[in-house]
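The values are calculated or read from the model by the stated rules, or taken from the named source; none is laboratory data. Remember, predicted model here, so these are calculated numbers, not experimental data. Because the Cβ atoms are built from the backbone with ideal geometry, glycine has one as well, and the counts that use them run over all protein chains shown. To get the accessible areas, we keep the full protein, side chains included, count just its heavy atoms, and leave off ligands, DNA and RNA. Shrake-Rupley method; radii C 1.70, N 1.55, O 1.52, S 1.80 Å.
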Amino acid sequence: MWALQITHEGPNKKVGIRQRTSNPCILCESEWELLYISSMAALEEAKLENFLQWLQVNEVELRGCKIKYCDSSKGFGIFSSHDVPNGILLVVPLHLAITPTRVLQDPLLGPECKAMLEEGEVDDRFLIMLFLTVERLRKNSSWKPYLDLLPTTFGNPLWFSDDELLELKGSTLYRATELQKKSLQSLFDDKVKKLANKLLALDGNPEREVTFEDFLWANSIFWTRALNIPFPRVCLFPNIPEEHDSINSRGPDASANDIVSEKFVYKESGKAVQIKEPESQVSGLISTSPQGETIWVEGLVPGIDFCNHDTKPAATWEVDGIGSITGIPFSMYLLSAGQNLSQSEQEISISYGDKGNEELLYLYGFVVNDNPDDFLMVHYPVDAIREVPFSEPKLQLLEAQKAELRCLLPRSLLKHGFFSQSTAPGETIKEATKGTVSSYSWSGLRKMPSYVSKLVFPDDFLTALRTIAMKESDIYKVSSLLEELVGSGGERQPSETEVRSAIWEVCGDSSALQLLVDLINMKMMELEEGSGTEESDAILLEKARCMENLEDCRRYGTNCSRQHPLMSRNRWSSIVYRLGQKQLTRMFLKEAEHALQLALSEGN
């Protein structure tokens, strides 16, 4: 016979296969996978039992739920165990949350971390990541039962193999991942290794030396599990006057999300919501909190952070400041979202927010098929502007208009476009024109275009393209119009709206829309050059099956890998993401081409 031999190497487990007798039976690949699953399940169950005991010691209450292993793609999740009248499923005291304040209170590491913070060597986010990196290597860490249950690998592109990363070539994520990994490696070499070793020296007996993979793990744990928590002020500063407290006080709507240097704004929805640019992802901030009773702090909440994502969540989380709801002051609780959870073993999910596959894959390592929140990013390269004729006056005009060189195009915009299937045209026009017609006055030499209510592209981006596409004669005409408006003596500077109006009246839309068509065509070429056509991606997904749960072999039989070609989850996620990007590119290209035809026919 053959058996699985489990070896332990630090925080990671390795499973090998050894021969037990001289008469081995021949097993198919899927049977070995099932043996692997069974052995790993036993290990996970032991770790889960330790974690549940740890939660109990730390006063966490599982009132209507239990934590159990889902599958290889999700890891652990939270499931209903029985119905609860008030809908409160889980209660976690906030003193258990890993926040900058909690790190500074650590009896061993706290004083040194405080010194690092005061000297400017770390900030709030970096402090948490550094703490996670170090605690994972401490043999006697009080957080060990929790850390042992956390995933050791992730599905985001930072953890892709070189071959898997090539599946993203041509997409925005490919370049973003390269930049991010180089940035994190540099940060580790220049700062993390030195600081982590300084903290580990305090423990005196670490399991091993810190590696880049340890920091990469901590970085991924933070971004996949951290919440933006509204702490009651007194919970953080029980003995400090309000005017003297200092902590990260970002509110839920003050998040400048930036995956690949494009700015988005997302509302807080249960997971960490502030995403820095690749070159400064771990640069948070410490700022003086405003007067008030709530301070927003990023941190990890053991227990609640095992909730997985669903577009139709079964629960939400809230904070109970005085204990009037849960009976436990200063606690976070999981609340049923109104769904009937009386059925045992139903997974309890939360929503990570209305995020497209680009953001979901980059941060959390998964994608959603036919994601309604998908978006396309189109941009005009900043460096390329200096290569166009008359770049200096154009750059001045772009600055005067506060024009955007990047354009975020959510799938939802297509509902208001030329090829929309909407049955409420009145609402469509109102919604589509809200940010266009009112943004500047359509007056002077040109009439309002007939197509303006169906134009799905933001005017902030179109006005940038109008400016970039200007000819020499256009620049002089715009200057003359603005001079007439504000006077030749330059008594005042023209407003942003006045500059935009002058450029549109001189240039119209045709040149800008032609440039837009060229940019979207270029986007499609880059995507197809890296991975083929939209049709080829669809065929790949049809022919191959992603074994997200290897126990599927039981349903497909022992020859499942031959009947249904297996595909790694990372590769499957990459194809789903890039197929969505190609579909959106094709649809927005169709919109841009039709708008260009109309603009030319109307003399715009």
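Tabulated results
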read-out: Residues within region 529-575 that are closer than 21 Å to D370 by Cβ, modelled with pLDDT of 65 or more and either of a type outside the set (S, T, Y) or part of a helix (DSSP H, G or I) (or both), tallied; value: 21
read-out: Every residue from region 360-372 that is closer than 19 Å to L414 by Cβ and either buried (at least 22 other Cβ atoms within 10 Å of the Cβ) or in contact with a helix residue (DSSP H, G or I) (Cβ under 7 Å, 6 or more places away or on another chain) (or both); value: V368, N369, N371, P372
read-out: Residues of region 195-218 that turn out to be modelled with pLDDT under 90 and outside any helix (DSSP H, G or I), as a count; value: 6
read-out: Within region 435-447, considering residues that are part of a loop (DSSP other than H, G, I, E, B) and surrounded by 13 or more Cβ atoms within 10 Å (Cβ to Cβ), the one modelled with the highest pLDDT; value: R446
read-out: Matching helices (runs of 4 or more DSSP H) fully within region 316-407 where at least 2 residues are within 24 Å of S220 (Cα to Cα) and either touching a residue at least 60 places away in the same chain (Cβ under 8 Å) or not hydroxyl-bearing (S, T, Y) (or both); value: 357-363
read-out: Single residue of L566, L596 found to be surrounded by fewer than 23 Cβ atoms within 10 Å (Cβ to Cβ) and more than 32 Å from the chain's Cα centre (by Cα); value: L596
read-out: Filtered residues of region 136-146 (kept if in a helix (DSSP H, G or I) and surrounded by fewer than 19 Cβ atoms within 10 Å (Cβ to Cβ)); value: K144
read-out: Residue that is modelled with the highest pLDDT, among those in region 398-434 that are more than 30 Å from the chain's Cα centre (by Cα) and among the charged types (D, E, K, R); value: E427
read-out: Residue within region 62-74 that is of a type outside the set (D, E, K, R) and more than 30 Å from the chain's Cα centre (by Cα) present; value: no
read-out: Residues being within 30 Å of A538 (Cα to Cα) and among the acidic types (D, E) - total across region 583-604; value: 2
read-out: L108 vs. criteria over 25 Å from G365 (Cβ atoms), touching a residue at least 60 places away in the same chain (Cβ under 8 Å) and in contact with a helix residue (DSSP H, G or I) (Cβ under 7 Å, 6 or more places away or on another chain); value: yes
read-out: Whichever residue in region 116-135 is aliphatic (A, V, I, L, M) and open to solvent by less than 30 Å² (accessible area, probe 1.4 Å) and, among such residues, is farthest from the chain's Cα centre (by Cα); value: M116
read-out: Number of the condition not met by S161 [criteria: (1) among the small types (G, A, S); (2) over 28 Å from S568 (Cβ atoms); (3) surrounded by fewer than 16 Cβ atoms within 10 Å (Cβ to Cβ)]; value: (2)
read-out: Any hit, region 471-486, residues being open to solvent by less than 60 Å² (accessible area, probe 1.4 Å), over 17 Å from K394 (Cβ atoms), in a loop (DSSP other than H, G, I, E, B) and modelled with pLDDT under 90; value: no
read-out: L96 crowded, with 18+ Cβ neighbours inside 10 Å, touching a Leu at 6+ places or on another chain (Cβ under 9 Å) and either free of Cβ contacts under 8 Å to residues at least 24 places away in the same chain or under 25 Å from T326 (Cβ atoms) (or both); value: yes
read-out: Check on P313, over 23 Å from F222 (Cβ atoms) and either modelled with pLDDT under 90 or surrounded by fewer than 16 Cβ atoms within 10 Å (Cβ to Cβ) (or both); value: no
read-out: Criterion violated by G170 - all others in (1) under 21 Å from Y362 (Cβ atoms); (2) open to solvent by less than 40 Å² (accessible area, probe 1.4 Å); (3) assigned to a helix (DSSP H, G or I) satisfied; value: (3)
